[in-house]
Amino acid sequence: AQSVAQPEDQVNVAEGNPLTVKCTYSVSGNPYLFWYVQYPNRGLQFLLKYITGDNLVKGSYGFEAEFNKSQTSFHLKKPSALVSDSALYFCAVRDSNAGNMLTFGGGTRLMVKP
Amino acid sequence: DTEVTQTPKHLVMGMTNKKSLKCEQHMGHRAMYWYKQKAKKPPELMFVYSYEKLSINESVPSRFSPECPNSSLLNLHLHALQPEDSALYLCASSQDHASSYYGYTFGSGTRLTVV
């Protein structure tokens with residue numbers, strides 16, 4: 001089965017600094033990768049996706065992600081973090097070998113401090 | 001309308017109660033999903049409906065019973081739940097289930113507490 005892994009349970013960053021939330025994937029064939037954000041007691045909100053094309057994908061709220069095939073990574077980035085970016089972030093892959101289900105990584109809590 | 005609406009937002013029920021969670025979308029999506037999410041964990045898939053037919057049941061106990069009355073509605077009927085079933089229940093929809101191209105649109109969830 002295809003999967004994604006988020007190696008960091010929590011990322012701390014100061015407001016105004018760049019942020020990176022890491023995601024690595026393990027897939028056969030072409031990966032379909034997604035990032036979602038979840039605020040407390042809320043559902044998941046779509047940020048961006050990589051299907052094909054440019055390796056740098058731009059998404060909502062100033063976030064972007066870089067698809068790196070050689071490193072099998074799809075890290076989420078933002079040039080300047082805001083306190084309001086503090087939330088739980090999930091990387092996900094649609095697993096074409098498992099009925100096209102959306103499979104999530106374990107999640108990374110992002111804490112942006114003023 | 002680009003939303004998935006879930007009701008109620010909060011639910012407290014006893015172990016002998018029967019209750020239902022509701023989910024509605026008007027985006028013309030033909031696949032709908034129920035997920036269960038424990039605190040600080042990723043969502044876990046429970047059921048998938050594709051074109052109003054149950055296509056995936058991830059070995060969920062029979063005390064959870066899904067229903068898809070039409071293409072816009074998805075229900076989750078609850079009966080004789082256990083305290084460990086307390087969680088955030090998320091509904092999601094996508095354009096279709098067969099294609100990997102589309103992501104999911106999630107509702108805000110129902111916070112369920114079983115006492």
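The values are calculated or read from the model by the stated rules, or taken from the named source; none is laboratory data. Treat the numbers as computed from the prediction; the structure is a model and nothing was measured. Note: ideal-geometry Cβ built from the backbone for every residue, glycine included; neighbour counts use all protein chains shown.
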Legend entry - Neighbours by Cβ (under 6 Å, 6+ apart or cross-chain): first from segment B:63-79, free of Cβ contacts under 8 Å to residues at least 24 places away in the same chain; second not aliphatic (A, V, I, L, M): B:Arg63/B:His79; B:Ser65/B:His77; B:Glu67/B:Asn75
Inset, instruction - Answer yes or no as to whether A:Leu19 is within 27 Å of B:Val4 (Cα to Cα) and among the aliphatic types (A, V, I, L, M). - result: no
Inset, instruction - Return a yes/no flag: does segment A:13-20 have any residue that is within 14 Å of the chain's Cα centre (by Cα), of a type in the set (Asp, Glu) and outside any strand (DSSP E or B). - result: no
Inset, instruction - Please state which of the following conditions B:Lys22 fails to meet, knowing it meets all the rest: (1) modelled with pLDDT under 95; (2) of a type in the set (D, E, K, R); (3) over 25 Å from A:Ala5 (Cα atoms). - result: (1)
Legend entry - Hits in segment A:59-75 (condition: touching a Lys or Arg at 6+ places or on another chain (Cβ under 8 Å) and crowded, with 20+ Cβ neighbours inside 10 Å): A:Phe63, A:Ala65
Inset, instruction - With the condition kept exactly as written, say whether any residue in segment B:21-38 is under 16 Å from A:Met101 (Cβ atoms), within 14 Å of another protein chain (Cβ to nearest Cβ) and small (Gly, Ala, Ser). - result: yes
Legend entry - Only one of B:Ser86, B:Ser50, B:Ser72 that is among the hydroxyl-bearing types (Ser, Thr, Tyr) and away from every other protein chain (no Cβ under 14 Å): B:Ser72
Inset, instruction - Among the numbered conditions (1) free of Cβ contacts under 8 Å to residues at least 12 places away in the same chain; (2) part of a strand (DSSP E or B), tell me where A:Arg42 comes up short. - result: (2)
Legend entry - Residues located in segment B:39-54, provided they are assigned to a strand (DSSP E or B), under 14 Å from the mean Cα position of the chain (by Cα) and more than 14 Å from B:Cys91 (Cα to Cα): B:Leu54
Inset, instruction - Just one of (1) surrounded by fewer than 21 Cβ atoms within 10 Å (Cβ to Cβ); (2) modelled with pLDDT of 95 or more trips up B:Leu76, so point out which. - result: (1)
Legend entry - Candidates A:Leu47, A:Leu19, filtered to the one that is among the aliphatic types (A, V, I, L, M) and within 14 Å of chain B (Cβ to nearest Cβ): A:Leu47
Inset, instruction - Please find, among B:Val60, B:Val115, the residue that is exposed (fewer than 15 other Cβ atoms within 10 Å of the Cβ) and either β-branched (Val, Ile, Thr) or in contact with a Phe, Trp or Tyr (Cβ under 6 Å, 6 or more places away or on another chain) (or both). - result: B:Val115
Legend entry - Residue that is surrounded by the most Cβ atoms within 10 Å (Cβ to Cβ), among those in segment A:85-112 that are modelled with pLDDT of 95 or more and either more than 10 Å from every other protein chain (Cβ to nearest Cβ) or touching a helix residue (DSSP H, G or I) at 6+ places or on another chain (Cβ under 7 Å) (or both): A:Tyr89
